[in-house]
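Okay, handing you the structure first.
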Amino acid sequence: MPASRKSKKIKSTPEYLTINGETVEPGEDRDIRVPIARLPSGTEIDIPIMVSRAKEPGPVVLLMAGLHGDEINGVEILRRFVRSGYNKPFRGTTLTIPLVNIFGFINYNREAVPGKDVNRSFPGSKTGSLGSRLAAYIRQEILPWVDFGIDFHTGGGSRYNFPQTRAVLKDKQSFELAEAFAAPFSIDASLRPGSLRQTASKMGKSILVYEGGESLRFDQFAIAEGLEGLMRLLASYNMQEALVPQTKQRHLVEKMTWVRAKQAGMFQPFVEPGEPVQPKQRLGIVGDTLGNSRFMVESPCEGFVLAVNYAPVVNMGDALLNIGRKTRLL
Ligand SMILES: [Zn+2]
């Protein structure tokens, strides 16, 4: 769809945009630090939010990463984005939050505090736990300004996610965002209870989730794919220029299936993320530590390997590989 047609559906940039009491007008850039909480030590924790506004009206786009504190590829994607000046749009506004869950980040942890996943804490509460407060802040103070956004993630634990976007594709705006981003895999993913995506959806705003790489590790391929997709998406709204046009093969995935360990042991995968697989194809092996028993892990269907668990020690029922099924070429 031509960008000019798409952009007509987006409301114009508001004349003023106020975050934490600081008003940013069209044509202005501002780095705002929002004090979100104090650590038990008394240290104040600020969330940095970079607001960059063009004079020309256009969409207000939220770009955020690190909602899961150990998923650092997205933090690096947005660091490169800001460092290169790409956050300064030709039109409209970018709201960039490279690291939302500072608590998890400094503790190398997915959660804000033990047992509190921010992305399961929406809509949140201003008097709740840290995770719930972060969720409430984003819902009450950030989302109302936003037309749409991208939330950058990686696989959890030691699971590597091949670069992919997740969105409810029957929603027109979400579909357009996924198409504009043009990741190798576009997954039709329902809304998870308590997620940012679900809360934003209730407010009539689409948030595209990008997943690439694994937690606590930089993956240059996933970082590059994420930045290139972000730039393509902004280019489709005439807010930036695309760095790399989308030329590679892309697939739409209607369903995902986790292949789980039938017995405990040590897992060794035979396939790489992104690879096509056939029914009954051997995907890996789980063996015990003595070499007495082993069992083959077979593919239940035709599809593509979307994620691989790289933690060798597995218990019964642990997720080993995620297979995208019901795929079609885009
Ligand atoms: Zn995540």
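Report the calculated FRET efficiency for E44 and R282 (r = Cβ-Cβ distance, R0 = 56 Å), to the nearest 0.05. Working shown, then result.
Numbers: r = 53 Å, r/R0 = 0.96.
Approximately 0.55, to the nearest 0.05.
Shifting gears a bit: For the range 77-142, which chymotrypsin sites (Phe, Trp or Tyr not before Pro) pass both filters: DSSP loop (anything but H, G, I, E, B) and at most 16 other C-beta atoms within 10 Å?
Numbers: sites: F81, Y86, F90, F103, F105, Y108, Y137; in loops: Y86, F90, Y108.
Answer by residue number: F90, Y108.
Right, here's the next one. Does the range 99-214 come out rounded, prolate or oblate, given a ≥ b ≥ c as the square roots of the eigenvalues of its C-alpha gyration tensor, rounded meaning a/c under 1.5 and, failing that, prolate meaning a/b above b/c?
Working: a/c = 2.22, a/b = 1.23, b/c = 1.81.
Oblate.
Each residue of the range 55-72 in order: what ³J(HN,Hα) in whole Hz does its phi give by Karplus 6.51 cos²θ - 1.76 cosθ + 1.60, θ = phi - 60°, with x for Gly and Pro?
Those phi angles translate into 6, 6, x, x, x, 9, 10, 8, 10, 9, 8, x, 4, 9, x, 9, 9, 8 Hz.
Order these peptides, 121-131, 28-38, by their mean beta-carbon neighbour count within 10 angstrom, highest first. Write out the running numbers ahead of the final one.
Working: 121-131: 18.0, 28-38: 14.3.
Peptide ranking by packing, descending: 121-131, 28-38.
Okay, next question. Can you work out ³J(HN,Hα) from phi for every residue in the range 313-330, in order, using Karplus 6.51 cos²θ - 1.76 cosθ + 1.60 and θ = phi - 60°, giving whole Hz and x for Gly and Pro?
7, 10, 9, 4, x, 5, 6, 9, 9, 10, 10, x, 10, 6, 9, 8, 6, 9
Also, I was wondering about something else. With labels modelled as points extended 7 Å from the Cα through the Cβ direction, what inter-label distance (nm, one decimal) is found for R83 paired with F218?
Result for the modelled spin labels: 0.7 nm.
Follow-up question, since we're still on this one. Which aspartates and glutamates, if any, have their Cα less than 15 Å from the Cα of K116, not counting same-chain residues under 8 positions apart?
D70
5 Å is the cut-off here: which amide hydrogens, built 1.01 Å from N in the peptide plane, fall below it relative to D70, excluding neighbours closer than 5 in sequence?
N109, R110
As a test of the formula, what do you get for the chain when each DSSP H run with n ≥ 4 contributes -39,500 (n - 2.57) and the sum is divided by the residue count, at 222 nm and rounded to the nearest 500 deg cm²/dmol?
-5500 deg cm²/dmol
Whose amide H sits under 5 Å from the amide H of A264, counting only residues 5 or more places off or on another chain, with H placed in the peptide plane?
Sorted by chain and number, the residues that satisfy this are M316.
Tell me, what ³J(HN,Hα) does each residue in the range 286-302 have, in order and in whole Hz, if you take phi through Karplus 6.51 cos²θ - 1.76 cosθ + 1.60 with θ = phi - 60° and put x for Gly and Pro?
After applying 6.51 cos²θ - 1.76 cosθ + 1.60, I find 10, x, 7, 6, 9, x, 7, 9, 7, 9, 7, 9, 10, 6, x, 6, 7 Hz.
Another question, if that's okay. How do R325, R110, R83 rank when sorted from fewest to most other Cβ atoms within 10 Å of their own Cβ? Don't skip to the end; give the middle numbers.
Working: R325 18, R110 21, R83 9.
With the sparsest Cβ surroundings first, the list reads R83, R325, R110.
Measure nothing but the geometry: give the 0 to 90° angle between the long axis through the Cα atoms of 73-83 and the longest principal axis through the Cα atoms of the chain, rounded to 10°.
Between helix and principal axis, roughly 30 degrees.
Here's another thing I want to ask about it. Give the average over all directions of the projected area of the C-alpha convex hull of the range 79-159, one decimal, in nm². The partial results should precede the final answer.
Details: hull surface 25.9 nm².
Across all orientations, the range 79-159 yields a mean hull projection of 6.5 nm².
Relative to the first principal axis of the alpha-carbon coordinates of the chain, what is the inclination of helix 172-181, with its axis defined by its Cα atoms, in degrees from 0 to 90 and to the nearest 10?
Tilt of helix 172-181: around 80 degrees.
Count charges around R133 for me, please; just the other residues with Cβ under 13 Å from its Cβ, Lys/Arg as +1, Asp/Glu as -1.
+3
Okay, moving on. Using modelled backbone amide H atoms (1.01 Å from N, in-plane), which distant-in-sequence or interchain residues come within less than 5 Å of N101's amide H?
L67
A follow-up question, please. Using a cut-off of 15 Å between alpha-carbon atoms, which aspartates and glutamates can reach K248, once sequence neighbours fewer than 8 places away in the same chain are excluded?
E179, E225, E228, E275
May I have the convex hull volume per residue, in Å³, for the Cα set of the chain? Display every interim value, and only then the final one.
Details: hull volume 43.0 nm³, N = 330.
Once divided by residue count, the hull of the chain is 130 Å³.
Still on this structure, please answer the following. What's the magnitude of the charge dipole for the chain around its Cα centre, counting Lys and Arg as +1 and Asp and Glu as -1 at the beta-carbon? Answer in Debye, nearest 20. Let's see the in-between values first.
On the way: 42 positive and 34 negative charges, 175 e Å.
The calculation lands at about 840 debye.
Just so you know, all these numbers are worked out from the coordinates, no wet-lab data involved. Bear in mind that the values here come from a model prediction, so they are computed numbers and not experimental data. Counting neighbours? That spans all protein chains shown, and the Cβs are built from the backbone with ideal geometry, glycine included.
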